[in-house]
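**Student:** Structure below; questions to follow.
The values are calculated or read from the model by the stated rules, or taken from the named source; none is laboratory data. As the structure is a prediction and not an experimental result, all values here were calculated from the model. When we count neighbours, we look across all protein chains shown, and the Cβ atoms used for this are built from the backbone with ideal geometry, even at glycine.
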């Protein structure tokens, strides 16, 4: 049986969908069968992030309405043969979807994949509750900003009420230069507030939105090292920390900080 992990945040705009896509790519590169499920019905954009928007023929709603089989709705990634996407569908059919119908689809995916990453809609309304009801575990994505951390804390409280006991938080868009100068919350500050297990730190990096095979093969890129550590933590239960402040220490680090902030 596969592991169904809901990727949630509470607050929109924290990069949850791009974290979902990149995590899926890294798990698939480790020979795990991975399905990305877009549960943001009506406002779905995981297919866009994955560069698959032109390949969507059938969606989860088509599967539920028995217009196609589940395997027909799954889109295989061009670069990672073990990575698939299940798009959600359009807004005009949203009201017909029942939780039990979605759970039936997720249960079938359990038998086909090692990991099912459920991209949860922002907020804490019906769409959010529908997504977390289909998951066994949760990764709460937050940025090192007070408003995002507060929203993440509210989401964690709700997750507990849904009996999701395996919860970890992921810090996205971490600026090592600002954390080094204590101008941004670091992992330890956030951990004290959220009071759940640590999952990973993803540095601020424009490459996070790009889906290319060469990027993951290049382990010298800090972004790839960060996702590798996140994968290892998920697979082994460890709490390894990617240090995004290392290159901003010492004399040369001070110069790099000045150059970064002058851009």
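**Student:** Return the only residue of 21, 4 being outside any strand (DSSP E or B), modelled with pLDDT of 90 or more, under 22 Å from residue 70 (Cα atoms) and touching a strand residue (DSSP E or B) at 6+ places or on another chain (Cβ under 9 Å).
**Tutor:** The match here is 21.
**Student:** Another question, then. Which one of these is farther than 17 Å from residue 122 by Cα, modelled with pLDDT of 90 or more and in contact with a strand residue (DSSP E or B) (Cβ under 6 Å, 6 or more places away or on another chain): 166, 195?
**Tutor:** Only one candidate passes the filter, namely 166.
**Student:** Looking at segment 157-179 only, could you name the residues that are surrounded by fewer than 20 Cβ atoms within 10 Å (Cβ to Cβ) and touching a helix residue (DSSP H, G or I) at 6+ places or on another chain (Cβ under 7 Å)?
**Tutor:** 162, 164
**Student:** Out of everything in segment 66-95 that is touching a helix residue (DSSP H, G or I) at 6+ places or on another chain (Cβ under 8 Å) and at pLDDT below 90, what residue ends up being farthest from residue 22 (Cα to Cα)?
**Tutor:** Going through the qualifying residues, I end up with 93.
**Student:** Is there any pair with a first residue in segment 39-51 that is on the phi > 0 side of the Ramachandran plot and a second that is in a loop (DSSP other than H, G, I, E, B) and surrounded by 15 or more Cβ atoms within 10 Å (Cβ to Cβ) whose Cβ atoms are under 7 Å apart and which are 6 or more apart or on different chains, and what are they?
**Tutor:** Going by the 7 Å Cβ cut-off, the qualifying pairs are 51/211.
**Student:** Determine whether segment 109-129 contains at least one residue that is assigned to a strand (DSSP E or B) and over 13 Å from residue 3 (Cα atoms).
**Tutor:** Yes, there is a match, as at least one residue in segment 109-129 is assigned to a strand (DSSP E or B) and over 13 Å from residue 3 (Cα atoms).
**Student:** Turning to a different aspect of this structure: Taking the options 238, 257, name whichever one is more than 14 Å from residue 26 (Cβ to Cβ) and at pLDDT below 80.
**Tutor:** When all the criteria are applied, what remains is 257.
**Student:** Pick from 183, 117, 146, 139: which is in contact (Cβ under 8 Å) with a residue 12 or more places away in the chain, farther than 23 Å from residue 75 by Cα and in contact with a helix residue (DSSP H, G or I) (Cβ under 9 Å, 6 or more places away or on another chain)?
**Tutor:** 139
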